[in-house]
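Worksheet: one structure, shown below.
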Amino acid sequence: MIIRYADEGEVDVLTAIEIDADQRYASSVHPEMAKGDHIPSEALARAVGARQVIVAVEDDAILGWLLLTKSGDEICIGQISVRRSAGGTGVGAKLLSTIVDSVRSEGHQSIVLNTQADVPWNQPWYERRGFVVVPREEWTADMHVIAEEQCADGLDWNTRVHMRLHLTEAPGG
């Protein structure tokens with residue numbers, strides 16, 4: 001598997017992967033998240049052009065992708081989408097570890113994201129990789145804004161969480 005930056009001509013493929021990946025929600029406690037909403041193509045194209053999107057490629061096929069954004073002073077994972085046919089094969093883990101290693105090497109202290117607390121492939125998956133839930137009283141101003149914007153878009157923040165991974169150096173590193 002090769003991890004590389006997405007190319008501008010791949011936006012339609014990325015959108016198709018996002019829509020496919022979201023179909024996992026159809027049989028979850030959040031079937032409303034499988035209704036086909038996705039990052040607008042123009043916004044995704046801007047992110048690709050700004051080198052904020054990496055893809056996992058195998059045999060010339062994109063299996064998944066990750067979008068990196070900013071949340072105030074922190075780096076933020078905005079999206080990870082993996083084709084359902086590639087689920088459980090380590091694609092998402094490889095994308096995540098690549099970004100974590102990159103962000104750590106750039107000297108950042110942490111990386112944040114927001115996700116569903118009640119879906120097994122969301123909060124528990126990130127917890128197994130070292131992320132911890134950020135208590136509401138520790139939310140940054142940007143985290144409050146993100147939650148408000150997502151509520152306005154119809155997401156229920158009674159079942160969502162912000163999570164953070166602290167990027168401290170390993171002993172001897």
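Rule-based calculations on the coordinates, nothing more; no lab input. Note that this is a predicted model, so its numbers are computed, not measured. In this analysis, Cβ positions are derived from the backbone assuming ideal geometry, glycine residues included, and neighbour counts consider all displayed protein chains.
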TODO: Distance between Cα centroids, the range 1-25 to the range 96-164: provide it in whole Å.
DONE: 21
Open item on the list: Between residue 1 and residue 69, what is the label-point separation in nm under the 7 Å Cα-to-beta-carbon projection?
Closed with: 2.4
Task: Dipole in debye (nearest 20) - the range 2-166, about Cα centre, beta carbon charges: Lys, Arg +1; Asp, Glu -1 - done: 500
TODO: Mind checking the full-extension length gain between residue 117 and residue 24? Use 0.36 nm per residue of separation minus the Cα-Cα distance, one decimal, nm.
DONE: 31.9 nm
TODO: At 7 Å along the Cα-to-beta-carbon direction for both residue 106 and residue 42, put a label point, then send me their distance in nm to one decimal.
DONE: 2.5
- [ ] State, as an integer percentage, the relative contact order of the chain based on alpha-carbon contacts under 8 Å between residues 6 or more apart.
- [x] 19
TODO: Pop a pseudo-label 7 angstrom from the Cα along the beta-carbon direction at both residue 141 and residue 35 and give the gap in nm to one decimal.
DONE: 3.2
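Rounded, prolate or oblate: which fits the range 96-150, taking a ≥ b ≥ c as square roots of the Cα gyration tensor eigenvalues, rounded meaning a/c under 1.5, else prolate when a/b beats b/c? Each step should come with its number before you reach the end.
Working: a/c = 2.08, a/b = 1.21, b/c = 1.71.
Oblate, since a/c reaches 1.5 and b/c is not below a/b.
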